[in-house]
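Okay, so here's the structure we're looking at.
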Amino acid sequence: MSRAEIVAAILWLGVTLYAVLGGADFGAGLWDLLAGNSTNGEPPRALIDASIGPVWEANHTWLIFDLVILWSAFPLAFASLMSTLFVPLTLAAFGIILRGAGFAFRKYTRPLAGRRAFGATFALSSVITPFFLGTALGAIASGRVPAGNAAGDPWTSWLNPTSVLVGCLAVATGAFVAAVFLVSAARRQGDPDLERYFRRRALAVGSVAGGLSIVGLFVLAVDATALYNGLSGRGLPLVVASLILGSTSLVLLARGICRGIRVVAAGAVTAIVWGWGVAQLPAILPGSLTIEAAAAPSGTLDALIVISIAAAVTIGPSLGLLFILDGRSRLQAGH
Amino acid sequence: MLFDLGPLPPANLLAARDQMAVTLGFHIVLACLGVAFPTLLLIANWRAIRSSDADALRLARRWSRIIAVTFAVGAVSGTVLSFEMGLLWPGLMGRFGAAYGIPFAIEGIFFFLEAIFIAIYIYGWDRLSPWTHFLSGIPIALSGFGGTFSVVTANAWMNQPAGFTLGADGQVTDVQPLGVIFNNATWYEAGHMFLAAYMVTGFLLASTYAVGRLRGRMDRYTRLGFIIPFAVAAIATPLQIGMGDIAARAVFTDQPAKFAAMELVQTTGPNTPVVVGGILIDGRVVGGLPIPGLGSLLAGFNTATVVHGLDGIAPADQPPVNIVHLAWDTMLSAGFGLLALAAWFGLTWIRRRELPTSRWFYRFAAVAGAASVVALEAGWIVTEVGRQPWIVYGLLRTVDAVTRAPGAIASFVVVMVIYLILGFATFVVLRSMSRQGADDTADGGEPYGPRR
């Protein structure tokens, strides 16, 4: 493996963690949006609040990690995609700031009207943000972002069948993982009503995501043939793994089994993210830029590898501590 | 492969610079709170445990709730800046990302640790034992220090680019990460920013308790809430003035055009005056109070020191002089005003071991928070506007870095609307939190606490 490939793999790891953990926090926002009026929606919203409250900022940081690795290691790719995808990524940035601020403000606002306004801001932007990020990924994956400053079409690069598909998939998979996490959280809290509530929703959105994926195969076959060939060639084992893990999680949900379900659901998302990466190898911007051609000089790549190791050594245990304390305290609250 | 930009749509440069100014000007205040507030919180927390001080405990709980809000808003407003690096300045990132990006990668670690331990700390009230809980706050303060250092390193690099080799086509061909990080401007910029964070946070927080005192709240809780942040800010202020002096002399050496604009120096020569106030119109200084020789004296400890004037700098390479000069004077005025207030506090404390009792002291303290923010923003303007027309000093012009995307103006308009609402909402939420009274601290109504 070359240095550039190692850093690309680190970047992909960061993208995976953001897709799973950050995606789940966005998904929780979708369930918050759909939780109904303030009386009926109280219990699910409280569970959502307690579940994502302590961890969302840490999960969100994976996005920042991804951006800094991308712009340091592959500056040309970063500048190209940020300039061509100016519109969806500007909208995603707006969504990110409104989501975070809305969530934090709601927690500390007493009057119902204020809570509603901040809650709606949080929930709506939780749906919009992953959609636009997804359209941007779709644009890259379908080879619509050429190298260069705003070299791609500012509109059709992300308003096309593949982009819309990936945008919808990003929302749906986030909602699915979130619902699965919330089923587990409700179980730990000993709340069978909420567990059932989120299990129904997980099954529903899991089926939607599965359906979207099948429709998606046909869309890709027509709209993004290179990606389709990659997914059905080199990426096939990972696509199949995602399919199996996804179906397994649905079966576990239907049977009311909680053990291991979070790992299985997260595994399904992980497999598809890596399937996409493998499918477009050796390109970072398919059709115009390879990983090697976009890579920064070796001094930068070495520094990023060292920094990533330092990150793993410091952030890994800290994050573990946070997740452990988080899980344990909720156990206590249930008694 | 060189990142080629192509034709520039009119007004993109202005829109992008204004958008950057608004979003960074907003974020920088929250960043200061993120860096220094945890230390103040830990001082209160330490006192609460060490002396079983119930008032200090109430303060620590109250402050940790405020930090939860300001950190969240700071985290997302900082993310917007990360996006803008590429959205607004693809020419900068495309050409120099390989060097300029490295400090941000280091900053990422510190930010991550900060996010994790802030969650553990806030979440840990009543769950962790008091000292364990206190210890969980230490990494927050340390990452604030590391984060400031690394992110300011990036800005210092824009002023004093180093640690890379340019190929014949202008592309970065070789990068020495340590050279990038420890560039000429790193130490003075990072030190100046770090102290600024402590001044802004200390004076801002203390000003809310000064208002409380003016409204007649003389209790021990209000007194302690004033004294912890004010004492920290008062200690930081003289250090900051010394640090600023070092920084200004470094700018004199490193960036003559910026220094000339700061001090309104027209002609190169010795015996250069400092002009207080005044503006430059058609190459002539209008208004202002010149103090003969002081500019040379401050720059080189000698009135014979030759100071480069704007006459030696091509018009195309000059920053917007009046903005830089007025921002510079504004920062100095606010800084020395705060120094006087800190001295009032310090002398009273040394003589009587007591806070000043004069209402005027608390009136000034009540506006000290706003004054420190003004100084912060003005100083930032000096650094950033003073570097113009360069985005990477001497190597890349801002106009050659800005995006060519057609939506820059629309984006700026929407940003203005969103940030106005965001600023207003932040203010309203923090204000209502400060009015929720003492009852909210007793019930364990912690931000991330369990449902009860």
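Values for this structure:
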{"quantity": "Segment A:95-133 - residue that is aromatic (F, W, Y) and modelled with pLDDT under 95 and, of those, nearest to A:L47 (Cα to Cα)", "calculated": "A:F103"}
{"quantity": "Every residue from segment A:91-123 that is of a type in the set (G, A, S) and facing another protein chain (nearest Cβ under 7 Å)", "calculated": "A:A93, A:G100, A:A101, A:A104"}
{"quantity": "Tally of residues being buried (at least 22 other Cβ atoms within 10 Å of the Cβ) and within 13 Å of A:S207 (Cβ to Cβ) across segment A:252-267", "calculated": "1"}
{"quantity": "Meets criteria (out of contact with any helix residue (DSSP H, G or I) (no Cβ under 6 Å at 6 or more places or on another chain) and within 12 Å of chain B (Cβ to nearest Cβ)) for A:P317", "calculated": "yes"}
{"quantity": "Top-ranked residue of segment A:18-72 - restricted to ones that are facing chain B (nearest Cβ under 9 Å), in a loop (DSSP other than H, G, I, E, B) and not aliphatic (A, V, I, L, M), ranked as surrounded by the most Cβ atoms within 10 Å (Cβ to Cβ)", "calculated": "A:P54"}
{"quantity": "Residue that is over 30 Å from A:P75 (Cβ atoms) and surrounded by 21 or more Cβ atoms within 10 Å (Cβ to Cβ), where the choices are A:S213, A:S207, A:S232, A:S249", "calculated": "A:S249"}
{"quantity": "Sole residue being more than 7 Å from every other protein chain (Cβ to nearest Cβ) and in a helix (DSSP H, G or I), chosen from A:S157, A:S126", "calculated": "A:S126"}
{"quantity": "Within segment B:8-58, tally of residues that are part of a helix (DSSP H, G or I) and closer than 14 Å to B:F134 by Cβ", "calculated": "15"}
{"quantity": "Test: residue in segment B:74-89 that is more than 26 Å from B:S434 (Cβ to Cβ), modelled with pLDDT of 90 or more and in contact with a strand residue (DSSP E or B) (Cβ under 9 Å, 6 or more places away or on another chain)", "calculated": "yes"}
{"quantity": "Unique match (being over 20 Å from A:Y18 (Cβ atoms), touching a helix residue (DSSP H, G or I) at 6+ places or on another chain (Cβ under 6 Å), touching a residue at least 40 places away in the same chain (Cβ under 8 Å) and not hydroxyl-bearing (S, T, Y)) among A:L112, A:L70, A:L76, A:L91", "calculated": "A:L76"}
{"quantity": "Subset of segment B:266-282 (residues that are assigned to a loop (DSSP other than H, G, I, E, B) and closer than 12 Å to B:W328 by Cβ)", "calculated": "B:G277, B:G278"}
{"quantity": "Residue list for segment B:92-106, filter: within 13 Å of A:L76 (Cβ to Cβ) and at the interface with chain A (Cβ under 7 Å from one of its Cβ atoms)", "calculated": "B:M93, B:G94, B:G97, B:A98, B:G101"}
{"quantity": "Residue within segment B:228-247 that is surrounded by 17 or more Cβ atoms within 10 Å (Cβ to Cβ), closer than 30 Å to A:A296 by Cα, in contact (Cβ under 8 Å) with a residue 12 or more places away in the chain and of a type in the set (S, T, Y) present", "calculated": "no"}
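The values are calculated or read from the model by the stated rules, or taken from the named source; none is laboratory data. Every value quoted in this text rests on a predicted model; they were computed, and no experiment measured them. Methodologically, a virtual Cβ is constructed for each residue, glycine included, from the backbone with ideal geometry; neighbour enumeration extends over all protein chains shown.
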